[in-house]
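The values are calculated or read from the model by the stated rules, or taken from the named source; none is laboratory data. For clarity, every value in this text was computed on a predicted model and none was experimentally measured. Cβ placement follows ideal geometry from the backbone for every residue including glycine, while neighbour counts extend to all protein chains displayed.
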Amino acid sequence: MTSRGSSGSRLKSFLLAGIIVSMAAAPAAAQQSQTVAIARGKTQTTMLGAIKGKAYRDYLIAAGAGQMLSVRLTGNGSTYFNVLPPGSNDVAIFNGSMDGNSFERRLERSGRYTVRVYQMGAAEDSGRNSIFTLKVGVTGGSGAANGNAGGKVNIADLSGMNSIRAIDVMAERGFRDVDSFSSGNTQYGIFWRPTSRQCVQLTMAAGRVAAANDIGTHPKCR
């Protein structure tokens, strides 16, 4: 996942400090992932990417129920993409190898969608490098992707989420990590969102968010 220069980076390091990294060799189809950021005031973005052989690359897009998600891939004819709904790592709602190189659909669920780019045929088997461009657009219902109602962002969906992923989601929703601490095997992160003046505490244990609470105030929430 792409690194973040500020929000969440310190807390991620804090969480990862206790993880034992396996020295086993990486699988041939190693995954790479990138969070898609659409500039404020824009509805789409275009990215240049590359994959090799059996590897694939995931692009993660936050979108809301009722919004229109569009994706278009331009590649070498051996490159395809699938669209996976929130919470899925293998079941796609669109399969580019059968459905073509463009996707557009009004979404039924809010959450993080995955656009997975991969190769097939000789390009996959021979380990060929392929360069592609991916155009992603999200339109309609400003703020719906994050459950934003009345200016405040919904955080209820964070409960049970992978801790590292939750930190990224908080950053996408406009929160910044302002404090972190631990007690025993439990870690706590304090997040502040100036635009809605929300101060949120994530309680994390065993790699998951045990609770996400709007605590109202904190010395560093300002």
(message) So for the range 97-115 (the condition being surrounded by 19 or more Cβ atoms within 10 Å (Cβ to Cβ), within 19 Å of N129 (Cβ to Cβ) and touching a residue at least 12 places away in the same chain (Cβ under 8 Å)), does at least one residue qualify?
(response) no
(request) Considering only residues that are polar (S, T, N, Q) and assigned to a loop (DSSP other than H, G, I, E, B), look in the range 76-98 and name the one that is nearest to R57 (Cα to Cα). (result) N89
(request) Please go through the range 41-61 and pick out each residue that is within 24 Å of A123 (Cα to Cα) and in a loop (DSSP other than H, G, I, E, B). (result) G53, K54, A55
(request) Could you grab the pairs with beta carbons closer than 8 Å, sequence gap of 6+ or different chains, first residue in the range 55-71 and on the phi > 0 side of the Ramachandran plot, second one of a type outside the set (F, W, Y)? (result) G66/R106; G66/L107; G66/G140; G66/G141; G66/A144
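Please determine, by comparing only the residues of the range 149-169 that are farther than 17 Å from S33 by Cβ and crowded, with 19+ Cβ neighbours inside 10 Å, which one is modelled with the lowest pLDDT. Explain how you work it out, then say what you get.
Initially, the range 149-169 is screened for residues farther than 17 Å from S33 by Cβ, giving 149-160.
Now narrow it down to the ones that are crowded, with 19+ Cβ neighbours inside 10 Å: 153, 155, 158.
Working: V153: 79, I155: 86, L158: 86.
Among them, the one singled out is V153.
Does A122 satisfy the criteria of being of a type in the set (A, V, I, L, M, F, W, C), over 22 Å from N82 (Cα atoms) and in contact (Cβ under 8 Å) with a residue 12 or more places away in the chain?
no
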